[in-house]
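Visitor: Sharing a structure, written as structure tokens. Questions coming.
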């Protein structure tokens, strides 16, 4: 291969500089300096470099190729990093559910039907059933996503896959604990937002709602407070059946086309798509 390259270069230089014997000069060389790349030795022994136009054209071609390939390489890296973080978070949740069941039983057993949760008992739950099994975990009492720089107000940081705001209240501290809402992070920077309560209407009193603990909803923010905070990009959604400690994937019983369609719009089924594809973000994933 090296000999072929030398012969080609020799032909080029013979045509351009009147017979320079590149084959003879370069036969024993296995590498070239930058100066040698941009210069040749004509027959007369006088060193003549490539013209400025030739150099600029070459650099321009290199720039065009780089501009075409770099975005693809960057996106490929982003996808791989996202899957790696998501898979780790998913594995952490699985380990929590198994370890917590071995030590405490099913999560739904902790609260009685219709029980009004107080912050003390809620804090005890999240620590006993979750945080003790997650290395470096920390419950937020403040608002980690910060305020809007334009109006100094706390905005909703999360968005659906189609870009519209995801209207969930990220309550923290005692306010969140009293409503069964928990925002915490782990040592790798992942943020988890858990909601453990649902409300059922009383059959006898229509205006009365009863808190029940059957399903846990979790939003996983794989890169923490950093943007885009968008479902399907760095934010993913799962549910847990609190009665058997099993993960439930959104749209898991639907066709691939239906899963993709949801992933394009809301983004709730994006993790389902990734898992169905063997923990990969394939070309048909709406990235």
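Read-outs throughout are calculated quantities, based only on the coordinates presented, and are distinct from any laboratory measurement. Just so you know, these numbers come straight off a predicted model, no measurement behind them. In this analysis, Cβ positions are derived from the backbone assuming ideal geometry, glycine residues included, and neighbour counts consider all displayed protein chains.
Visitor: Using the number of other C-beta atoms within 10 angstrom as an exposure proxy, rank 130, 279, 287 with the fewest first.
Guide: Going from sparsest to densest Cβ surroundings: 279, 287, 130.
Visitor: Ok, one more. Run the numbers for residue 116 and residue 103: contour at 0.36 nm per residue of separation, minus the present Cα-Cα distance, in nm.
Guide: Answer, rounded to one decimal: 2.3 nm.
Visitor: Here's something else I'd like to know. How much FRET efficiency would the formula 1/(1 + (r/R0)^6) give for residue 198 and residue 283, where r is the Cβ-Cβ distance and R0 is 41 Å, rounded to 0.05?
Guide: Values: r = 38 Å, r/R0 = 0.91.
Once rounded, the FRET efficiency stands at 0.65.
Visitor: Let me ask you something else. Which order results if 270, 263 are arranged by neighbouring Cβ count within 10 Å, fewest first? It would help to have the intermediate numbers written out before the result.
Guide: On the way: 270 29, 263 25.
Ranked by crowding around the Cβ, least crowded first: 263, 270.
Visitor: Separate question: Simple spin-label model, 7 Å along Cα-to-Cβ: residue 53 to residue 241 in nm?
Guide: 7.5 nm
Visitor: Okay, moving on. Can you sort 219, 113 from fewest to most other Cβ atoms within 10 Å of each residue's own Cβ?
Guide: By the 10 Å Cβ count, ascending: 113, 219.
Visitor: If R₀ is 35 angstrom, what is the calculated FRET efficiency for the pair residue 164 and residue 135, using the beta carbon separation as r and rounding to 0.05? All intermediate terms of the calculation are to be shown ahead of the outcome.
Guide: On the way: r = 35 Å, r/R0 = 1.00.
Step by step, r from the Cβ atoms, then E = 0.50.
Visitor: Can I ask one more? How much length, in nm to one decimal, is gained on full extension between residue 91 and residue 70, taken as 0.36 nm per residue of separation minus their Cα-Cα distance?
Guide: 4.4 nm
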